[in-house]
Amino acid sequence: MRRFTASEAYLARAERVIPLGSQTFSKSRTQYPFGVSPYFITRAQGAHCWDLDGNEYIDFVSSLASVTLGYNDPDVTHAVTEQLQSGVIFSLPHPIEAEVAELICELVPCAELVRFGKNGSDATAGAVRVARAFTGHDRVAVCGYHGWQDWYIGSTARRRGVPRATQELTHSVPYNDLDALRAVLVSHAGEFAAVVIEPMNVAAPRPGYLEAVKSLTHEHGALLVFDETITGFRFAKGGAQEYFGVTPDLATFGKGLANGYPVSAVVGRRDVMKLMEEVFFSFTFGGEALSLAAAKATLTKLKAQPVIPTLIARGQAIVDGTRSIVEANGLADVFSVSGHPTWSFLNIADARGATAFEIKTLWMQETLQRGVLSVGSHNVNYAHSESDIAALLQAYADVLPMIGKVLDQGTLRQALRCEPLVPLFKVR
Ligand SMILES: Cc1ncc(COP(=O)(O)O)c(C=O)c1O
């Protein structure tokens, strides 16, 4: 039996000096049931990682989908090591900024000008500010998750600390629901600067949906911003905008841009982005060269090797394999699979007298025990091998029917060796 005693002890130590013991909500104990989960990872290579207790996992979190090529990818590590010899940050821009911007403009349909940030949140906040400056409007409609900053998080349940005046400017709309978007835009006609949307997350767009969002947005004098923090350099080389054939005015990128190195980008139409010369979007580490070297190596590899087709093929095997396990075991009322093959979701429903969170907790307890690290999605990276996928499906072939059995027997709570997770914050 895997044990997590070192992780648990270190969590207690970390929590004495760090709220929640983590810098990232999705990596904290709020997402990993205490007693059956690791809390710290000390090393990762390819698609595998090792926790503080020495347990090995096949990692389907891929650092919140930021690692697209695999941990310690040799080309990226080489580029970063080389860059390190000449420096990390300088008193004037380094030429690599323009090189990476050129690569992005080459790959991404809407990209004519590029600015870099560090986190996805920098990029979405920058996009919203420039959209406000361009249109002269203040309101924003959002669909999906767009980061920690006031302009967005004020529209969610995690809005503590965000001024009411800011909260009131952001309107959340459900995905695939044009009427809802229209109603929001009409309710404050002429006041919207932007519609910011994840082009796809859990559900696929209905035919014509993204095209209609674009026309509706433009009819109301607003700009369309695709938040491609996850879909970028994952769904296709040019992101979801290439994959779905819908070009937004602006787009934001983050996670997959540099295989896990901290750099993000806001990109888009020249006439809008040109305003960035006046709109203040500026920070000390914006041109940090190690991450840009990582981005250059990542984008170059994306162009030279069949990265995306491989991610799609591996991801499709996960989707198909999981679906057939669910079907074969009569579990369609409990589990379903959705999303793009490179970023698919195992959805869990309230079923057979248990809540989705109780079922998810048991699923995590059992998959972690079998060396699978996931919080409910499969964030595929280029280092996931066919045998990694086979191992995931073998774990599911053991765990899913076992969950069905305890649900039927009404013994789920007895099967849990921890308290169930509680619903805290859902944005997708
Ligand atoms: C679609 C999307 N937008 C924005 C963000 C914010 O990015 P970051 O956490 O790097 O600030 C995320 C992060 O999960 C995201 O998934």
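Coordinate-derived values only; no laboratory data. Treat the numbers as computed from the prediction; the structure is a model and nothing was measured. Quick reminder, even Gly has a Cβ in these numbers, built from the backbone with ideal geometry, and neighbours come from all protein chains shown.
Miscellaneous remarks
- Value of Rg/Rh across the chain [Cα atoms, Kirkwood radius]: 0.97
- Members of Lys214/Lys255; Lys214/Lys274; Lys255/Lys301; Lys237/Lys296; Lys237/Lys274; Lys274/Lys303 lying beyond 19 Å, as alpha-carbon distances in this model show: Lys214/Lys255; Lys214/Lys274; Lys237/Lys274; Lys274/Lys303
- For the stretch 104-160, the Kirkwood estimate of the hydrodynamic radius, built from every pair of different alpha carbons, is 12.8 Å.
- Angle between the chain longest axis and helix 120-135 axis [Cα atoms, degrees, rounded to 10]: 30
- Cleavage-rule hits, chymotrypsin sites (Phe, Trp or Tyr not before Pro), the stretch 346-428, DSSP coil, Cβ neighbours within 10 Å at most 13: Phe425
- Spatial separation of Cα centroids for the stretch 226-281 and the stretch 134-195, in angstrom: 19
- Here the translational diffusion coefficient of the stretch 74-304 follows from Stokes-Einstein with Rh set to the Kirkwood radius across Cα pairs; for 25 °C and 0.890 mPa s it amounts to 138 µm²/s.
- Taking the convex hull of the alpha carbon positions in the stretch 184-323 and averaging its projected area over all directions gives 10.6 nm².
- The shape of the stretch 311-428 can be summarised by an equivalent ellipsoid whose semi-axes, obtained from the alpha carbon gyration tensor, come to 23, 15, 14 Å from longest to shortest.
- Loop-located chymotrypsin sites (Phe, Trp or Tyr not before Pro) in the stretch 287-353 (DSSP state not H, G, I, E or B) with no more than 15 neighbouring Cβ atoms inside 10 Å do not occur.
- For the stretch 119-184, applying the loop criterion from DSSP together with a ceiling of 12 other beta carbons within 10 Å to the trypsin sites (Lys or Arg not before Pro) yields Arg160.
- Counting DSSP beta bridges with both ends in the chain, the antiparallel % (nearest 5): 60
- Fluctuation leader among Gln23, Gln167, Gln369 - the chain, Gaussian network, Cα springs under 10 angstrom: Gln23
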